[in-house]
Amino acid sequence: MASAPTSHYNSHSLENESFKKTSRDGVNWGLGEAVPRLPGETRITDKEVIYICPFNGPIKGRVYITNYRLYLRSLETDSALILDVPLGVISRIEKMGGATSRGENSYGLDITCKDMRNLRFALKQEGHSRRDMFETLTKYAFPLAHSLPIFAFLNEEKFNVDGWMVYNPFEEYRRQGLPNHHWRITFINKCYELCDTYPPLLVVPFRATDEDLKRVATFRSRNRIPVLSWIHPENKTVIVRCSQPLVGMSGKRNKDDEKYLDVIRETNKQISKLTIYDARPNVNAVANKATGGGYESDDAYHNTELLFLDIHNIHVMRESLKKVKDIVYPNLVLTGAIQVADKVSSGKSSVLVHCSDGWDRTAQLTSLAMLMLDSFYRSIEGFEILVQKEWISFGHKFASRIGHGDKNHADADRSPIFLQFIDCVWQMSKQFPTAFEFNERFLITILDHLYSCRFGTFLYNCESAREKQKVAERTVSLWSLINSNKDAFKNPFYTKEVNRVLYPVASMRHLELWVNYYIRWNPRIKQQPNPVEQRYVELLALRDEYIKRLEELQLANSAKLSDPSTSPSSPSQMLPHVQTHF
């Protein structure tokens with residue numbers, strides 16, 4: 001049999017390290033135990049299998065299944081292969097071969113994962129071993145179909161930081177200087193009565209009453225009215241987000257909606273028109289009229305300028321992910337976000353951003369534009385707040401787009417919207433290597449746990465559903481894991497800058513394929529860390545070591561000085577001579 005390379009390639013490179021340092025990631029290694037376990041994780045079964053490695057051929061191993069993961073350990077002496085796959089990552093489980101299959105390793109299971117892996121296991125035909133493994137995996141990989149809880153509700157990990165405390169909308173809006181004379185905080189959605197996919201706290205124009213908001217809501221898809229996302233600290237222009245107007249084929253108008261957009265334009269005494277960025281291609285926006293949607297036409301919205309950004313819908317995006325080398329999509333999103341950021345910063349004009357329902361392409365555009373405009377969001381905590389605010393709080397449909405615990409892999413609602421946003425962030429970090437406090441590992445960890453179902457952070461479609469399920473009380477936040485070990489996620493080249501606007505180059509020749517994410521499972525693709533970054537980290541560690549030694553020597557020396565019997569006879573004896581490499 002062909003043997004695997006000695007390097008491990010498993011589900012979480014982060015966790016692979018943490019297994020060796022059990023206290024840091026909450027992973028429990030029992031004495032003589034073959035499988036790492038989290039608190040609350042229980043072992044279900046194990047079987048001897050042949051893993052059909054796509055790179056190194058068949059490898060004999062033992063697969064262990066818990067209520068959280070599939071864990072394969074090689075049984076071959078010349079192979080160090082380990083596969084560690086959270087069950088939440090699994091998209092589809094299929095049986096391969098039948099009772100009459102005679103080819104070698106032709107009978108078993110074929111597993112498709114959401115992180116672009118395909119796992120094939122060959123099993124013996126006798127003893128129903130395949131049926132047992134298929135049923136166990138199906139039960140725990142798709143718990144919602146079997147009336148079982150998602151693992152996040154069983155996870156008993158404890159961290160020294162509470163990640164649920166990271167985002168406080170009051171504090172974030174206060175950081176932006178809100179409320180002020182032109183913008184107010186409203187609790188009209190406190191019980192999710194105005195819009196069930198919006199958060200309870202919204203920032204709206206001071207001149208708009210709650211009654212005005214109710215009338216506007218009737219003319220916006222899903223009642224997702226225009227609300228403030230971000231305000232420029234100097235020129236006071238704003239980024240506002242919403243859903244499409246319900247114009248329909250008959251060209252309906254709503255005076256309250258038209259007036260409301262004019263009020264937004266006038267909040268900072270803006271003379272120029274309010275720029276509306278519609279994320280859709282023009283033809284799609286026109287087609288949406290047939291289903292009751294539409295766009296803001298010039299004849300109805302006189303003081304607006306409408307621009308289409310030509311970003312396609314979730315179905316096109318889903319297909320683009322199947323072409324790993326296709327980086328057209330990040331190009332389109334980044335180009336659109338650059339336009340939004342430039343209009344606010346250089347054009348000194350407020351902007352309104354929407355797509356169809358305002359929870360997919362809208363979130364991509366607003367959050368990327370805010371990342372370009374506001375250096376706070378480039379810190380670790382700031383980025384966590386940005387994700388909590390623009391994605392989680394404002395109702396990106398994570399449950400529908402990812403399919404947590406759901407067996408319906410062919411669901412038309414599945415789409416890699418959030419993954420493509422993180423890809424855009426990575427592209428920016430490559431072009432501005434000193435601008436972001438976080439490193440690549442931070443972004444990959446977020447994506448790994450987008451699927452894992454280990455944390456409650458990305459569960460459900462909106463705040464109202466999370467509140468109903470008491471997610472913050474019953475689950476652990478991903479930010480607890482990250483913020484309890486921040487050093488592991490820091491970019492050593494980070495230089496903090498205030499009010500620096502980033503304008504990445506979005507042309508195709510300046511965008512790269514994110515090899516360390518998309519092709520990381522191929523052991524032939526060596527994931528070499530940046531040698532300069534590696535050396536810099538080593539020097540920082542060396543510096544910290546010498547500072548610690550110096551402090552210890554100074555402490556010991558002060559103790560000697562306080563003891564009269566060891567008083568030095570000359571000044572040169574008072575301080576020890578410490579040699580360093582610097």
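Computed extension length for LEU540-ILE185: 123.4 nm, one decimal, from 0.36 nm per residue of separation with the Cα-Cα distance subtracted.
When the Cα positions of TRP230, VAL537, THR366 are compared along the charge dipole of the chain, THR366 comes out farthest toward the positive end, with charges on each C-beta of Lys, Arg, Asp and Glu.
Report the far tail of the P(r) of segment 366-497, meaning the percent of Cα-Cα pairs longer than 18 Å. The share of Cα pairs beyond 18 Å in segment 366-497 comes to 54 percent. Overall, segment 264-316 carries a charge dipole of about 100 debye about its Cα centre when +1 sits on the Cβ of Lys and Arg and -1 on the Cβ of Asp and Glu, all other atoms neutral. Averaged over residues, the count of other Cβ atoms within 10 Å places the peptides 424-437, 489-502 in the sequence 424-437, 489-502, highest first. Summing Lys and Arg as +1 and Asp and Glu as -1 over all other residues whose Cβ lies under 12 Å from the Cβ of LYS259 gives a net charge of -1. Amide hydrogen proximity for LEU306: with H placed 1.01 Å from N in the peptide plane, the residues at 5 or more positions away or on another chain lying under 5 Å are ILE276.
Under a model in which nothing but the beta-carbon of Lys, Arg (+1) and Asp, Glu (-1) is charged, segment 169-513 shows a dipole of about 140 debye around its Cα centre. The calculated Kirkwood hydrodynamic radius for segment 169-513 is 20.4 Å, given to one decimal from all distinct C-alpha pairs.
In terms of distances greater than 29 angstrom between alpha carbons, the cross-link table entries LYS236/LYS470; LYS190/LYS496; LYS214/LYS269; LYS190/LYS486; LYS259/LYS389 yield LYS236/LYS470; LYS190/LYS496; LYS190/LYS486.
Along the axis of the charge dipole computed for the chain (Cβ charges of +1 for Lys and Arg, -1 for Asp and Glu, origin at the Cα centre), the listed residues PRO199, VAL216, SER106 are led at the positive end by SER106. With R₀ fixed at 35 Å, the C-beta to C-beta distance from PHE170 to GLU497 puts the FRET efficiency at about 0.85. Ellipsoid fit via the Cα gyration tensor, segment 143-236: semi-axes of 32, 22, 10 Å, each the root of five times an eigenvalue, largest first. Projected onto its three principal axes, the C-alpha set of segment 43-141 covers 33, 31, 25 Å, listed from the longest axis down.
Annotation: per residue accessible area for segment 43-141 equals 41 Å², rounded to a whole number [probe 1.4 Å, protein chains only].
Relative to the compact-globule estimate of 2.2 N^0.38 Å, the Cα radius of gyration of segment 320-421 comes out at 1.15. The phi-based Karplus calculation (6.51 cos²θ - 1.76 cosθ + 1.60; θ = phi - 60°) puts the 3J(HN,Hα) values of segment 285-296 at 4, 5, 4, 5, 4, 5, 9, x, x, x, 8, 8 Hz, whole numbers, x for Gly and Pro. Computed from backbone phi with θ = phi - 60° and the Karplus coefficients 6.51, -1.76 and 1.60, the 3J(HN,Hα) list for segment 415-421 is 6, x, 4, 5, 4, 5, 5 Hz; x is used for glycine and proline.
More than 26 angstrom separation, counting every C-alpha pair in segment 171-288; what % is that? Tail of P(r) above 26 Å: 20 percent of Cα pairs. With a cut-off of 15 Å between beta carbons, the residues surrounding SER464 carry a summed charge of +3, where Lys and Arg count +1 and Asp and Glu -1. Restriction of the chymotrypsin sites (Phe, Trp or Tyr not before Pro) in segment 139-200 to DSSP coil positions whose beta-carbon has at most 16 other beta-carbons within 10 angstrom yields PHE187.
Taking amide H atoms as placed 1.01 Å from N in the peptide plane, the amide H of SER229 lies under 5 Å from those of ILE239, VAL240, ARG241, each 5 or more residues away in sequence or on another chain. Take the Cα radius of gyration of the chain and divide it by 2.2 N^0.38 Å, N being the number of residues; the result is 1.10.
Each label was represented as a point 7 Å from its Cα along the Cα-to-Cβ direction; for GLU156 and ARG131 these points are 3.5 nm apart. The label point for ASP262 and the one for GLU104, both projected 7 Å from the Cα toward the Cβ, are 7.9 nm apart.
For the chain, adding -39500 (n - 2.57) for each run of n ≥ 4 DSSP H residues and dividing by the number of residues yields -9500 deg cm²/dmol at 222 nm. Once the gyration tensor of the Cα atoms in segment 241-320 is diagonalised, the equivalent ellipsoid follows with semi-axes of 24, 16, 10 Å, ordered largest first. Residues whose amide H falls under 5 Å from that of THR66, counting only those 5 or more places apart or on a different chain, are ILE44, TYR71, with hydrogens built in the peptide plane.
The values are calculated or read from the model by the stated rules, or taken from the named source; none is laboratory data. This one's a predicted model, so the numbers in the text were calculated from it and none came from an experiment. Here the Cβ is made from the backbone with ideal geometry for all residues, glycine too, and neighbour counts use every protein chain on show. We work out accessible area using only protein heavy atoms, side chains counted, and drop any ligands, DNA or RNA first. Shrake-Rupley method; radii C 1.70, N 1.55, O 1.52, S 1.80 Å.
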